[in-house]
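The values are calculated or read from the model by the stated rules, or taken from the named source; none is laboratory data. Nothing here was measured: the structure is a model prediction, and the numbers come from that model. Here the Cβ is made from the backbone with ideal geometry for all residues, glycine too, and neighbour counts use every protein chain on show.
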Amino acid sequence: MLPDRVRTLIQLLSRLPGVGEKTAQRYVLFMLTTDSDYGAQMGQELIALRENIGHCSLCGNLAERGGSDEPICSICTDHKRDPHLLCVVARVQDLMAIERTGAMRGRYFVLGKLLSPLEGVHPEELPIERLKDRIASQNITEIILATPPSVDGEATALYLRRELAPMGITMSRIASGVPHGGELEYADPITMGRALAGRQRLSR
Amino acid sequence: MVRRLSVEQLSVTNIRNLRSVTLNTSADVVVFAGRNGSGKTSLLEALYLLCTSKSFRAPRPAESITHGQTEAVVRGRLLDGTVGREQRVLLRDGVRSARFDDKRPPSLAAYAQASPVVIFHPGDLPLTMGPAQGRRQFLDRVAFYTTPNGTKALDDYTRAHRARQKLLETRGVDAPDIDPWEALVARHGLELMQTRQHAAAALIDATEHAFTQFAAPQLVLRGRYVPTAPDDEDSYLTMLQNSRVGDSHRGSACIGPHRDDLELTLDGQPLRQVGSQGQHRAAVLALKNGEITAIERARGTKPILLLDDVSSELDAERLRAFFSFVQREQVQVFLTTTRPEWIETGAFGEASSRHNFEVDHGVITRI
Ligand SMILES: [Zn+2]
């Protein structure tokens, strides 16, 4: 009934988080009926997105690709940041949630994953060596473990704490029980700021 | 002052054989009488869905929807003390969604916690006779309503325990991340033990007292929460560490909340061994009374009581004793029965306000 192209686009859009088939259909019809530039511009931006945006080679944050160099994000190049303080997070979304508080003076390290034997994620899949390199090469003296307060986030924090202990750095853990369900992404800036300010110093 | 929760109006669309039903349920006791398969239990299912967003009969939402239909809706007007609210639960595509006054609750658990409901159905009868799992689930149900965190301790413990088990079975006893997972098993295990201890404490007094009214008054029922793990973290951890090899073959840890029990004794002897059938029934009723009392004390709200087909399981005398308790408590009661002739005998209480409905093939008539 619908032209193939329309159906394909509906299928593609309905793969987006939180978008069902009905919503996807509304989006496609909107793009067909609104001014012609809108869809074209979105198409160009989508193609440019994967070509121009990658992950920061230092921290894993989103970063602009610049020619042949490894991408470096705006936080890692920000010289006003405390170079010795590093905040370890699970995902880029969590980094963004902490950035929104404006309370983080240091830089970040994105793990990309949390330990989870039930989903088959084991320590060898965490970028521990890269994290250790970063700590050693950049003279990091303090680490904030800001993985979410879920069971997996807590297990990962405990594991990192033990792995990094021989490096002799100060470590702290964000205050727990803050966002419901352990999703930092949905915490408002005030709550997130409190979790950061209330972080517990971990004994070595 | 303890408030009372009640459902004042109920409307059901596409729950099993209930295609489109709207009922005024503004009464102390609401009776649904009908033959087996008439749809009377589906009305209790709809009420339970309205309060909790879940069914007590089917684990998956799709099973409650009328055959051949894609969605089901239950709406109701509830009164919590003097404050009214509209609630709505929608089942569609295997997904549940719930609303208070057209607003989305913070979570489905938060939605369910707001409207405490106690249910007693024939499936509850093995509670005191059967394996410990039923009694653990019962304690966890009470804890869901009586602790602010709901099922968090249970969920966290279950995840940590399953993760440790998977690790032992797939990576062996020397997996590099076994220590962190074990630490979390002990931490959340202790949290859950404390949660259950509180639930048991809230429950047991009222249960023991109620039993004297449903069974011979000289018999003493005692309840006690029996955890299997030590209550200090270091010993708990040491025991887990020492049992890794055995646990990896057993399929679960040798100690911990997944093995706990709510132990019941009758005059000092294990109820499971010495109890007669009648004594078991009295004990189950007493536990349900305990559940009502525990929720009332913790929440300041009297829960709604749903009784499915109790007249087929209890004799008239026990039923009368149970109802006299229920009426003293002033909770709102919904019950189903295959014996409408019992209504007039006072077996379902001498309610000053009672609505009686006849249910036949999904059609409901006020009688
Ligand atoms: Zn970076």
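On inspection, A:LEU114 passes the criterion of being in contact with a Ser or Thr (Cβ under 6 Å, 6 or more places away or on another chain), more than 16 Å from the ligand (Cβ to nearest atom) and modelled with pLDDT of 95 or more.
Just one of B:ARG136, B:ARG85 is at pLDDT 95 or above, touching an Asp or Glu at 6+ places or on another chain (Cβ under 6 Å) and crowded, with 19+ Cβ neighbours inside 10 Å; which is it? Before you say what the answer is, go through the steps one by one.
Working: B:ARG85 fails: crowded, with 19+ Cβ neighbours inside 10 Å.
Of the residues listed, the single one that is at pLDDT 95 or above, touching an Asp or Glu at 6+ places or on another chain (Cβ under 6 Å) and crowded, with 19+ Cβ neighbours inside 10 Å is B:ARG136.
For the stretch B:143-189, taking the residues that are among the small types (Gly, Ala, Ser) and at the interface with chain A (Cβ under 8 Å from one of its Cβ atoms), the one that is surrounded by the fewest Cβ atoms within 10 Å (Cβ to Cβ) is identified as B:ALA175.
In the stretch B:245-267, is there at least one residue being of a type in the set (D, E, K, R), more than 17 Å from B:MET129 (Cβ to Cβ) and touching a Lys or Arg at 6+ places or on another chain (Cβ under 7 Å)? Yes, because at least one residue in the stretch B:245-267 is of a type in the set (D, E, K, R), more than 17 Å from B:MET129 (Cβ to Cβ) and touching a Lys or Arg at 6+ places or on another chain (Cβ under 7 Å).
What residue, among those in the stretch A:68-95 that are of a type in the set (A, V, I, L, M), without any contact (Cβ under 8 Å) to a residue 60 or more places away in the chain and more than 8 Å from the ligand (Cβ to nearest atom), is nearest to A:THR191 (Cα to Cα)? Residue satisfying both the conditions and the ranking: A:LEU95.
Residues in the stretch A:110-120 that are more than 8 Å from chain B (Cβ to nearest Cβ) and either in contact (Cβ under 8 Å) with a residue 12 or more places away in the chain or small (Gly, Ala, Ser) (or both): A:VAL110, A:LEU111, A:GLY112, A:LYS113, A:LEU114, A:GLY120. Is it the case that some residue within the stretch B:190-202 is within 14 Å of chain A (Cβ to nearest Cβ), within 30 Å of A:TYR159 (Cα to Cα) and crowded, with 24+ Cβ neighbours inside 10 Å? For the stretch B:190-202, residues within 14 Å of chain A (Cβ to nearest Cβ), within 30 Å of A:TYR159 (Cα to Cα) and crowded, with 24+ Cβ neighbours inside 10 Å: present. Residues that are of a type in the set (Phe, Trp, Tyr) and at pLDDT 80 or above within the stretch B:326-347 comprise just one, B:PHE334.
Please verify whether B:SER97 is surrounded by fewer than 18 Cβ atoms within 10 Å (Cβ to Cβ), outside any loop (DSSP other than H, G, I, E, B) and either on the phi < 0 side of the Ramachandran plot or under 20 Å from the mean Cα position of the chain (by Cα) (or both), treating the condition exactly as stated.
Answer is yes for this residue.
Quick one: would you say B:ALA109 is in the same structural domain as B:LEU335 (by TED's automatic domain parsing), assigned to a helix (DSSP H, G or I) and modelled with pLDDT of 90 or more? In short, yes. Which members of the stretch B:111-122 meet the condition of being in contact (Cβ under 8 Å) with a residue 40 or more places away in the chain and of a type outside the set (A, V, I, L, M)? The answer is B:TYR111, B:SER115, B:PRO116, B:PHE120, B:HIS121, B:PRO122.
For A:CYS59, are the conditions met, namely being touching a residue at least 40 places away in the same chain (Cβ under 8 Å), in a strand (DSSP E or B), surrounded by 14 or more Cβ atoms within 10 Å (Cβ to Cβ) and not aliphatic (A, V, I, L, M)? Outline the logic, then answer.
Details: touching a residue at least 40 places away in the same chain (Cβ under 8 Å): yes; in a strand (DSSP E or B): no; surrounded by 14 or more Cβ atoms within 10 Å (Cβ to Cβ): yes; not aliphatic (A, V, I, L, M): yes.
No: the conditions fail for A:CYS59.
Which of the residues spanning the stretch A:44-62 are under 28 Å from A:ILE128 (Cβ atoms), aliphatic (A, V, I, L, M) and more than 7 Å from the ligand (Cβ to nearest atom)? Passing the criteria: A:ILE53, A:LEU62.
What single numbered condition from (1) more than 14 Å from the chain's Cα centre (by Cα); (2) within 16 Å of the ligand (Cβ to nearest atom); (3) of a type in the set (Asp, Glu) fails to hold for A:GLU21? If we test A:GLU21 against (1) more than 14 Å from the chain's Cα centre (by Cα); (2) within 16 Å of the ligand (Cβ to nearest atom); (3) of a type in the set (Asp, Glu), just (2) comes out false.
Checked against the criteria, B:ALA58 counts as farther than 23 Å from B:ILE295 by Cβ and either of a type in the set (Asp, Glu) or at pLDDT below 95 (or both). Criterion applied to A:ARG65, A:ARG105 was being among the basic types (Lys, Arg) and either within 12 Å of the ligand (Cβ to nearest atom) or in the same structural domain as A:ALA195 (by TED's automatic domain parsing) (or both), and the one residue passing it is A:ARG105. For the stretch B:91-108, filtering for residues that are charged (D, E, K, R) and in contact with an Asp or Glu (Cβ under 9 Å, 6 or more places away or on another chain) leaves 5.
If the condition is being touching a residue at least 12 places away in the same chain (Cβ under 8 Å) and under 11 Å from the mean Cα position of the chain (by Cα), then the stretch B:137-161 contributes B:PHE138, B:LEU139, B:ASP140, B:ARG141, B:VAL142, B:ALA143, B:PHE144, B:TYR145. Taken over the stretch B:261-280, the residue count meeting the criterion of being under 20 Å from the mean Cα position of the chain (by Cα) and surrounded by fewer than 24 Cβ atoms within 10 Å (Cβ to Cβ) is 3.
Could we say that B:THR41 is of a type in the set (Ser, Thr, Tyr), assigned by TED's automatic domain parsing to the domain that holds B:ALA110, modelled with pLDDT under 95 and within 25 Å of B:ASP101 (Cα to Cα) here? Reasoning before the result, please.
Numbers: of a type in the set (Ser, Thr, Tyr): yes; assigned by TED's automatic domain parsing to the domain that holds B:ALA110: yes; modelled with pLDDT under 95: yes; within 25 Å of B:ASP101 (Cα to Cα): no.
No.
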